[in-house]
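Comments concern the structure below.
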Protein chains: 2
Amino acid sequence: MAVAQVADRELHRNPAAIAAGIAALTAAFGKRVVTSQSVREQHGNTLTWVPNQPPDAVVYPQNTDDVQKIVRICAEHGVPIIPFGVGTSLEGHVNAPLGGISVDFRDMNKVLTVHAEDLDCVIEPGITRKALNEYLRDSGVFFPIDPGADATLGGMAATRCSGTNAVRYGTMKDNVIALEVVMANGEVMQTARRAKKTSAGYDLTRLMVGSEGTLGVITKLTLKLSGIPEAISGGVCPFPSVEACCNATIHTIQSGIPVARIELLDALQVKAVNMHSKLGLPETPLLFLEFHGTEASVAEQSERFGEIAGEFGGGPFTWATRPEERSRLWEARHHAALSNLALRPGAQIVATDVCVPISRLAECVTETQADIAASRLLAPIVGHVGDGNFHLTLLVDMSDADEVKRAKGMAQRLVERALAMDGTCTGEHGVGQGKMQYLLAEHGAPAIAAMAAIKRALDPQNIMNPGKIVALD
Amino acid sequence: MAVAQVADRELHRNPAAIAAGIAALTAAFGKRVVTSQSVREQHGNTLTWVPNQPPDAVVYPQNTDDVQKIVRICAEHGVPIIPFGVGTSLEGHVNAPLGGISVDFRDMNKVLTVHAEDLDCVIEPGITRKALNEYLRDSGVFFPIDPGADATLGGMAATRCSGTNAVRYGTMKDNVIALEVVMANGEVMQTARRAKKTSAGYDLTRLMVGSEGTLGVITKLTLKLSGIPEAISGGVCPFPSVEACCNATIHTIQSGIPVARIELLDALQVKAVNMHSKLGLPETPLLFLEFHGTEASVAEQSERFGEIAGEFGGGPFTWATRPEERSRLWEARHHAALSNLALRPGAQIVATDVCVPISRLAECVTETQADIAASRLLAPIVGHVGDGNFHLTLLVDMSDADEVKRAKGMAQRLVERALAMDGTCTGEHGVGQGKMQYLLAEHGAPAIAAMAAIKRALDPQNIMNPGKIVALD
């Protein structure tokens, strides 16, 4: 089965079909179909160096029936459908390379049911992670997945994202119990029931999680929730080198300490965080940590971690005992990418990520640091080191063609380095358009052929977010 | 898309094609192709009331190349391929309703690599869970998934099984990192790299886990391992009712106690275990528990659980402090199904399972107990209660047609009851042939159509374990 990469060929849009589709949508949804230039551009990719490819129109559904109607109209006219949350994806997931309709879930942002006894909830896709946790605040439960941005849960499921808590709580793959999905044929599919586990047939939930809107449009999510820990403690621990950070992390995890967060910042990233968030941290490789449990258990975890850190020349481990101190630390961590602008005002931020087996992490990070230096680039590193996943925030002067070229070359070598270490081209950002070119090298031809066969089987017209993950001939 | 259930139609085998396939296999593999009646029958379903449908031949591959060759020969002749581990599946997964070739992984049972630093290993599919843990014994890590039987890891992945540790360690879905799969077209697919997480494309790993050999043949597994806990404590706690057991479990999980095992036995099951394993337990609903962690943390977990148990009229919580005492308890738990034969010597055991949201568990179990009594049947209940999953071991006199009919009716009502509670027809046994008839009611037509479309896309000839999960027209 032949699979073409978008880069290999011209994508063709069909303006007449799109115009007919927009007319039909406007007849059905009136002012909830918007075609103004500014709204359209806002719904194309606006972050990183993936160019903005705006959709031809944006439509705002209010319920599953609306989405079903939109999909049916688009299917009838052969018009591409691009689901849109808040647009924080980094690899061009929301772009419209063939034109088409952006389906914006702004108005589908409700919590439908919270089953506290079952530790789950049912929500609409347009709610953001912060809004969900705000809603859950007094119910003793929370949703742990926290990408840097305040993304929507629909988008988070679609990109299989994770964040700082993943080392303990898993990724979206582990925290989505079931989905309602409008398929390309307009049918509304339930992927699973609300039971905590099942062996009843193919795992359609996991197939949809991470499929980036290319197999269907998510209209409802049943999410696993976690109990708010009785005690949380956290802090910061400096190390003499990135390698020492990584080794301390490996030993922490191997020794069974159920660390909730363990985040690496390289010295340059610490400098940026200090400039932006005024934390006064030592400008050396650091681990940010958090432990969840009972009072006694978090104390024990912290103590044991302190001992391991000492073995690798790290320390002292400084506790952030007061909640506001801890919040400040994690706020700073979540703003790490943005804070890098302080290092080079006026530059554009280009974020990328890879993930490798944890035993190769130190090597991968230090080789990457050397490559950054050799490429005369500025790119702080921050990592979900417990998972072997790290991010590079390239600070690029987009008007300098040579620098852009050097940055792109470096990003490509980063992926090649990760693949050579049995890693993946993206741990949590997703494929979108930006990483399509690496999938063949990562997975091999049989897997790409299987992905394409599944795509064709479930979306024979290729209208569901076409030109992402696998492009079809 | 029309999808037929096997029950709805006659399945046709093609004896000429099968004979030609066996001849070609024999030319390639000589004595490693076996067609004797006894070996063939041993490779059909031998447990429960699903009738034995033996394959036409059994072949024993020694490596991936052999499996590829087998699949290519079978594809050329249009002969069904049924992967076989040790035959402990319960729903007719290994039966050959259309005839065909059983691929027995007896000789592919090696541990290929253990990456202790990364907490993973690469193995062949024919190794059993006990053999794997025996191999890992001195390396500080273990593989936690433990179905009752000493199943092969290939079979465990194929059926998405779980067991007593799932409440803490997850199911096979959570513990398989990557698979090597020979696809229906003979290509060898890698589903993923060894990185702990990835967002790089469709989750082919999770699609293959639980697909019961209907989408491809697993030839290699990369498994997640866990550190052997520093301390383990466990014990037994009696309760006045099944409902009290369930409520104590809900509160234990909600309060964030990271219980490793929490297993319900109803009074009848306790009686059977006492008879078989001579444990002298009080014959009332019980929870068997186990806590993993540091010395301090398991002590704290046990204490907190004891308090919760007290709130629901349970207790005293009796610790099994010595390892041999604990082993005896869990050995007895793993033999629970078998031990039931002591209650009715000569009866046949028919095991079935469902899974519901934990808030509905008490209701589901007590209604089921009432149904068992009203149906004049003997069927002890044992459950992975932390997951809302429970098993019924029906003790059936197969020569009594009326009793068999009553038992089948009760098993069907059990599934209907679970589905009405937003549960699943099988939490961990899988679909095979035995639960196909319930998938439509559980998932709805759009999901079944999607499963059938995927099956058709990846196995257009319908040679991969046909007649299981979704039967195609």
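The values are calculated or read from the model by the stated rules, or taken from the named source; none is laboratory data. Keep in mind that what you see is a predicted model, and the values were worked out from it rather than measured. Cβ atoms come from the backbone with ideal geometry, glycine included; neighbour counts cover every protein chain shown. Calculation scope for accessible area: heavy atoms of the full protein, side chains included, ligands and nucleic acids excluded. Shrake-Rupley method; radii C 1.70, N 1.55, O 1.52, S 1.80 Å.
What the table below lists for this structure:
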| quantity | calculated |
| --- | --- |
| Residues (more than 7 Å from chain B (Cβ to nearest Cβ) and open to solvent by 10 Å² or more (accessible area, probe 1.4 Å)) located in the stretch A:422-448 | A:Gln433, A:Gly434, A:Gln437, A:Tyr438, A:Leu440, A:Ala441, A:Ala445 |
| Count of residues meeting criterion [part of a loop (DSSP other than H, G, I, E, B) and away from chain B (no Cβ under 14 Å)] in the stretch A:89-108 | 8 |
| Checklist (1) open to solvent by less than 50 Å² (accessible area, probe 1.4 Å); (2) farther than 22 Å from A:Val273 by Cβ; (3) out of contact with any Ser or Thr (no Cβ under 8 Å at 6 or more places or on another chain) applied to A:Glu307, failing item | (1) |
| Number of the condition not met by B:Pro357 [criteria: (1) surrounded by fewer than 18 Cβ atoms within 10 Å (Cβ to Cβ); (2) closer than 30 Å to B:Leu419 by Cα; (3) within 14 Å of chain A (Cβ to nearest Cβ)] | (1) |
| Long-range neighbours under 7 Å by Cβ, at least six apart or interchain, first residue in contact (Cβ under 8 Å) with a residue 24 or more places away in the chain within the stretch A:37-60, second among the aromatic types (Phe, Trp, Tyr) and outside any loop (DSSP other than H, G, I, E, B) | A:His43/A:Phe84; A:Val59/A:Phe29 |
| Residues of the stretch B:69-84 classified as open to solvent by 40 Å² or more (accessible area, probe 1.4 Å) and touching a Gly at 6+ places or on another chain (Cβ under 7 Å), total | 2 |
| Residue list for the stretch A:450-473, filter: in contact with a strand residue (DSSP E or B) (Cβ under 9 Å, 6 or more places away or on another chain) and facing another protein chain (nearest Cβ under 7 Å) | A:Ala450, A:Met451, A:Arg456, A:Leu458 |
| Test result for B:Ala411, away from chain A (no Cβ under 14 Å), in a helix (DSSP H, G or I) and in contact (Cβ under 8 Å) with a residue 40 or more places away in the chain | yes |
| Pick from the stretch B:109-137, criterion part of a helix (DSSP H, G or I) and more than 14 Å from every other protein chain (Cβ to nearest Cβ), ranking: modelled with the lowest pLDDT | B:Arg137 |
| Conditions (1) more than 13 Å from chain A (Cβ to nearest Cβ); (2) among the small types (Gly, Ala, Ser); (3) farther than 17 Å from B:Glu91 by Cα; number of the one not met by B:Gly383 | (1) |
| Identity of the residue in the stretch B:138-159, open to solvent by less than 10 Å² (accessible area, probe 1.4 Å) and within 11 Å of chain A (Cβ to nearest Cβ), that ends up farthest from B:Leu112 (Cα to Cα) | B:Met156 |
| All positions within the stretch A:168-186 that are open to solvent by 10 Å² or more (accessible area, probe 1.4 Å), under 28 Å from B:Pro258 (Cα atoms) and either in a strand (DSSP E or B) or more than 7 Å from chain B (Cβ to nearest Cβ) (or both) | A:Arg168, A:Tyr169, A:Gly170, A:Ile177 |
| Matching helices (runs of 4 or more DSSP H) fully within the stretch B:1-82 where at least 1 residues are touching a helix residue (DSSP H, G or I) at 6+ places or on another chain (Cβ under 9 Å) and at pLDDT 95 or above | B:15-29, B:64-77 |
| The stretch B:281-301 - residue that is free of Cβ contacts under 8 Å to residues at least 24 places away in the same chain and in a helix (DSSP H, G or I) and, of those, most open to solvent (accessible area, probe 1.4 Å) | B:Ala296 |
| Matching residues, the stretch A:332-383, being among the acidic types (Asp, Glu), assigned to a helix (DSSP H, G or I) and within 27 Å of B:Leu119 (Cα to Cα) | A:Glu363, A:Glu367 |
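A quick yes/no check of all residues on (1) touching a helix residue (DSSP H, G or I) at 6+ places or on another chain (Cβ under 6 Å); (2) closer than 30 Å to A:Leu440 by Cβ; (3) of a type in the set (Lys, Arg):
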| site | (1), (2), (3) |
| --- | --- |
| B:Glu134 | no, no, no |
| B:Gly140 | no, no, no |
| B:Gly154 | yes, yes, no |
| B:Asn165 | no, no, no |
| B:Tyr169 | no, no, no |
| B:Glu180 | no, yes, no |
| B:Gly186 | yes, yes, no |
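Listed here are the residues, each with its yes/no results for (1) within 24 Å of the chain's Cα centre (by Cα); (2) crowded, with 22+ Cβ neighbours inside 10 Å; (3) within 11 Å of chain B (Cβ to nearest Cβ).
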| position | (1), (2), (3) |
| --- | --- |
| A:Arg193 | no, yes, yes |
| A:Gly210 | yes, yes, yes |
| A:Val217 | yes, yes, no |
| A:Leu225 | yes, yes, yes |
| A:Gly235 | no, no, no |
| A:Ala248 | no, yes, no |
| A:His251 | no, no, yes |
| A:Glu263 | yes, yes, no |
